[in-house]
Amino acid sequence: PGAGSDVSAIKSVARKDGGDYVISGQKMWITNSLQADWMCMLVNTSDGPAHKNKSLVMVRMRENGKLVKGIEVAQKIRKIGMNSSDTGLIYFDEVRVPQSNRIGQEGAGFIYQMQQFQEERLWCAASTLESLSNCIAWTVEWAQERKLFGASLADQQWVQFKLAELKTEVESLRALTYLACERYIAGEDVTEWATMAKLKAGRLNRTVPDTCLQFWGGMGFTWENKVSRMYRDGRLASIGGGADEVMLGILAKTMGIAKRPVK
Ligand SMILES: Cc1cc2nc3c(=O)[nH]c(=O)nc-3n(C[C@H](O)[C@H](O)[C@H](O)COP(=O)(O)OP(=O)(O)OC[C@H]3O[C@@H](n4cnc5c(N)ncnc54)[C@H](O)[C@@H]3O)c2cc1C
């Protein structure tokens, strides 16, 4: 808690004891933490500079369904969406993990995490394409069914143009995402492309469900409506895996506008 966008500010500590790490601290916003048997944890393994003192460690959370000694899942967080996915706050009190559970080199965890974010951000963009397309398709279907003022809602040019605009945006995101994936598979550094795709996915997960929901009228304001669920669930895309502003900051660096250019 308290780190979030500022990943280097995490406070959890792993001290060495014999062949083990002994981990103490807290983790907030952990997806699947109410059921996971294992977690991949970024933790401070030394006192050095914030970008060089962290390691990624595989931590066993549960054995035979029971939490490992020293781990407490303190809270299931109540969220406005993504309710099929549990999210928790976890405490670690002197949790023993073999040092052999460390991934890669000690002290390189921050860099590994930044590299992993490229995949997570590509996933975020890719996984959103179908749901955004569905949202538009459901709304087209609804607008064709809904009769008012002697015609269907879909006969209103305003509705046609808005939906056409959204589809163009979603297909632009698809093209950007596919390009980023092709370059990633070819072994290129896709930081800039993955960041742009994540940013655009976040933006569209807000504008597409919001615009579509409007065309559903009161039906769109009901809990069971698929578009209203997307309106709530999709809001996370601008926050999780790095907020929109963090994406803009990375892009400003890759463009050379911000002070510390990304190498
Ligand atoms: C449902 C859910 C599931 C999650 N699952 C996981 C998980 O499994 N594992 C994990 O490690 N994390 C997980 N997260 C954490 C997620 O990565 C963070 O919520 C996210 O990085 C933002 O951090 P924060 O919430 O602390 O917001 P903060 O860091 O407090 O940021 C708040 C807001 O400040 C603004 N902001 C931040 N930085 C800047 C900047 N440089 N310039 C301008 N404005 C800025 C943005 O608008 C941002 O939304 C999850 C979060 C949620 C909500």
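The values are calculated or read from the model by the stated rules, or taken from the named source; none is laboratory data. Please read all numbers here as calculations on a predicted model, not as lab measurements. Quick reminder, even Gly has a Cβ in these numbers, built from the backbone with ideal geometry, and neighbours come from all protein chains shown. Protein only, heavy atoms only, side chains kept; ligands, DNA and RNA dropped before computing areas. Shrake-Rupley method; radii C 1.70, N 1.55, O 1.52, S 1.80 Å.
For region 13-35, what are the residues that are surrounded by fewer than 18 Cβ atoms within 10 Å (Cβ to Cβ) and either part of a loop (DSSP other than H, G, I, E, B) or among the hydroxyl-bearing types (Ser, Thr, Tyr) (or both)?
Gly18, Gly19, Ser24, Thr31, Asn32, Leu34, Gln35
Run Asp6 past the list (1) touching a Gly at 6+ places or on another chain (Cβ under 6 Å); (2) near the ligand (Cβ under 9 Å from one of its atoms) and report the number of the one that doesn't hold.
Exception for Asp6: condition (1).
Taking the condition farther than 30 Å from Lys54 by Cα and open to solvent by 90 Å² or more (accessible area, probe 1.4 Å), does Glu171 pass?
Answer is no for this residue.
Within region 144-164, can you find the residues that are under 30 Å from the mean Cα position of the chain (by Cα) and surrounded by fewer than 14 Cβ atoms within 10 Å (Cβ to Cβ)?
Matches in region 144-164: Ala164 only.
So Arg60 clears everything in (1) within 16 Å of Tyr91 (Cα to Cα); (2) open to solvent by 70 Å² or more (accessible area, probe 1.4 Å); (3) in contact with a Gly (Cβ under 9 Å, 6 or more places away or on another chain) except one condition, right? Which one?
For Arg60, the exception is condition (3).
For region 127-149, does any single residue satisfy the condition of being assigned by TED's automatic domain parsing to the domain that holds Leu166, closer than 24 Å to Ser5 by Cβ and in contact with a helix residue (DSSP H, G or I) (Cβ under 9 Å, 6 or more places away or on another chain)?
Yes, region 127-149 contains at least one residue that is assigned by TED's automatic domain parsing to the domain that holds Leu166, closer than 24 Å to Ser5 by Cβ and in contact with a helix residue (DSSP H, G or I) (Cβ under 9 Å, 6 or more places away or on another chain).
Condition test on Thr45, is it assigned by TED's automatic domain parsing to the domain that holds Arg229, among the hydroxyl-bearing types (Ser, Thr, Tyr), touching a Gly at 6+ places or on another chain (Cβ under 9 Å) and touching a residue at least 60 places away in the same chain (Cβ under 8 Å)?
Considered against the rule, which asks whether it is assigned by TED's automatic domain parsing to the domain that holds Arg229, among the hydroxyl-bearing types (Ser, Thr, Tyr), touching a Gly at 6+ places or on another chain (Cβ under 9 Å) and touching a residue at least 60 places away in the same chain (Cβ under 8 Å), Thr45 comes out as no.
Go through (1) within 13 Å of the ligand (Cβ to nearest atom); (2) surrounded by 15 or more Cβ atoms within 10 Å (Cβ to Cβ); (3) not in a strand (DSSP E or B) and name the single condition Ser46 misses.
Against the list (1) within 13 Å of the ligand (Cβ to nearest atom); (2) surrounded by 15 or more Cβ atoms within 10 Å (Cβ to Cβ); (3) not in a strand (DSSP E or B), Ser46 comes up short only on (1).
Six or more apart or on different chains, Cβ under 6 Å: which pairs go from a residue in region 185-206 that's in the same structural domain as Tyr231 (by TED's automatic domain parsing) and farther than 20 Å from Ser228 by Cα to one that's of a type in the set (Ser, Thr, Tyr) and in a helix (DSSP H, G or I)? Could you list them?
Correct list of pairs: Val190/Tyr184; Glu192/Thr254; Ala197/Thr177.
Out of all the residues in region 155-184, which are touching a residue at least 12 places away in the same chain (Cβ under 8 Å), over 13 Å from Glu119 (Cβ atoms) and among the aliphatic types (A, V, I, L, M)?
Val159, Leu163, Leu166, Val170, Leu173, Leu176, Leu179
Criterion first (outside the structural domain of Val68 (by TED's automatic domain parsing), more than 30 Å from Ala186 (Cβ to Cβ), open to solvent by 40 Å² or more (accessible area, probe 1.4 Å) and among the basic types (Lys, Arg)) does Arg96 satisfy it?
no
Quick one: count up the residues across region 63-97 that are more than 16 Å from the ligand (Cβ to nearest atom), in contact (Cβ under 8 Å) with a residue 12 or more places away in the chain and touching an Asp or Glu at 6+ places or on another chain (Cβ under 9 Å).
Residues meeting the conditions: 7.
Go through Ser100, Ser85 for me and flag whichever is of a type in the set (Ser, Thr, Tyr) and not in a helix (DSSP H, G or I).
Step by step, each of Ser100, Ser85 is checked, and only Ser85 is of a type in the set (Ser, Thr, Tyr) and not in a helix (DSSP H, G or I).
Which residues, taken from region 213-233, are open to solvent by less than 20 Å² (accessible area, probe 1.4 Å) and of a type in the set (Asp, Glu)?
None; the set is empty.
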